[in-house]
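Please treat every number below as a calculation from the coordinates, not as lab data. Quantities reported herein were computed from a predicted structural model and do not represent experimental measurements. In this analysis, Cβ positions are derived from the backbone assuming ideal geometry, glycine residues included, and neighbour counts consider all displayed protein chains.
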Amino acid sequence: MRNAFVVFIFTSLVHAIVVSAQSPLTMDSPAPGQFGLNYASSLNHPWRLMASDDLTLWRYDPAVTVGNGGVQSVIKSAAGVERRFWRVTDFPPDAGYKMTAGPYTVAPFADESWVDTARGYTMPVRIYAPAIGQGGAPFPIVVLSHGLSGSIGAFDTLSAYLASHGYICLMIEHDDTRTLSRVARPLDVTFAIDVLLASPTHPLLAGRVDGARIAHSGHSFGAFTTLAVLGAQYHITDNEASAIVSYPDARVKCGVPLSPQGATTLGLFSGSWDLITRPSLTMHGTLDTAPGTPVAITRRQPYDEMPAGNKAHLTLDEGIHSDFSDTGIADHGNYYSRWYFPAMLAFLDTHLSGNATAAAWLDALTLTRLSSGVVLLETK
């Protein structure tokens with residue numbers, strides 16, 4: 001991966017600063033009020049512009065261009081641009097990222113019941129992990145939450161895939177008949193993490209948990225739960241005059257909310273996600289409706305409103321609500337999971353393990369092209 005060339009714009013004055021001898025980024029003015037950023041591309045190498053106002057905080061442009069071996073241009077409007085720096089990131093040619101099961105043999109899953117005496121709640125859990133004796137421990141952790149009134153079997157296929165790549169997956173069961181389940185759920189996650197970090201005795205967990213690398217993921221109400229532990233704010237009841245609460249858990253380093261809700265559902269409102277600065281990969285389908293969410297596109301509102309930086313969103317073309325769980329896999333095979341499983345793994349590898357190859361694969365938006373538009377990846 002290469003990112004080397006910077007262009008500085010200050011009102012009408014343009015300076016091109018070449019900081020490497022390779023394929024420079026240049027500028028011209030193709031029409032009044034516009035400027036073009038030109039890059040001598042490499043054949044089949046995707047490239048993407050980044051912009052900064054201070055040379056410290058850099059943000060990617062939305063689009064990626066696949067190199068044709070010649071000079072390619074991106075046209076920008078000069079309106080409102082008084083000072084900006086640009087650079088280009090050049091990525092390797094498109095290839096898959098851990099598209100199938102990984103190198104670890106996965107142990108048979110284990111079910112337990114964990115008792116939270118402080119809250120009087122007995123929580124069923126299911127553990128997927130690499131089989132004992134293969135090395136690699138301690139492993140990163142993914143805690144998973146099912147949707148409304150679901151069960152611990154909602155993510156068996158996903159958990160087995162992640163475990164084969166060196167993750168311990170803990171599916172937890174939420175009793176949604178409890179009063180104020182929207183409050184109880186993030187506390188369930190916090191309790192589960194407490195147990196994981198308190199020297200668990202089950203052989204699949206004992207001495208194998210990396211407490212510094214914990215993520216959370218969930219579907220539907222489980223996605224709400226993910227965003228809650230990342231720091232979302234919401235009304236404690238459906239009454240808009242009720243108290244606004246938040247139950248973040250700082251031990252969760254990143255999250256993958258699958259089909260989350262937008263404003264007006266579960267006490268959420270525009271601004272609920274303003275304080276989420278930890279990495280997040282949200283997903284939704286274009287036909288992803290359900291009770292309380294009659295318009296599918298509202299499910300991307302958390303992504304749209306979260307602060308930029310380490311955020312990604314994956315859209316499943318014609319995906320429905322159940323396509324993010326084993327129910328959808330049973331109905332449609334791996335039509336979607338063959339794409340969103342690797343997206344999730346690359347995201348986790350990036351933000352839990354600092355895997356630069358995974359980060360570049362996501363930033364290049366490779367998945368959109370590999371899937372021929374079955375899924376659409378965005379980052380900000």
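A few notes on this one:
- Fully extending the segment from Arg338 to Ala160 would add 62.7 nm, taking 0.36 nm per residue of separation and subtracting the current Cα-Cα distance.
- Positive-end residue of Val189, His202, Ser220, charge dipole of the range 176-283 with Cβ unit charges: His202
- For peptides 209-216, 227-234, sequence by mean Cβ density within 10 Å, most packed first: 227-234, 209-216
- 19 Å reach of a label modelled at Leu287, 7 Å along Cα-to-Cβ, counting backbone N of the range 337-380: 337-340, 372-376
- Prolate/oblate/rounded label for the range 227-378 (Cα gyration tensor, a/c 1.5): oblate
- Across the range 137-149, rounded Karplus estimates of 3J(HN,Hα) from the backbone phi angles (6.51 cos²θ - 1.76 cosθ + 1.60, θ = phi - 60°) give 5, x, 9, x, 10, 10, 8, 10, 10, 6, x, 3, 6 Hz, Gly and Pro being marked x.
- Spin-label pair Thr100/Ser270, simplified geometry with 7 Å Cα→Cβ offset, distance in nm: 4.8
- For Lys380, the aspartates and glutamates whose Cα falls under 13 Å of its own Cα, not counting residues fewer than eight places away in the same chain, are Asp61, Asp304, Glu305, Asp363.
- Fully extending the segment from Asn68 to Glu240 would add 56.6 nm, taking 0.36 nm per residue of separation and subtracting the current Cα-Cα distance.
- Ordering of 328-341, 249-262, 347-360, 309-322 by packing is 249-262, 309-322, 347-360, 328-341, highest average first (other Cβ atoms within 10 Å, averaged per residue).
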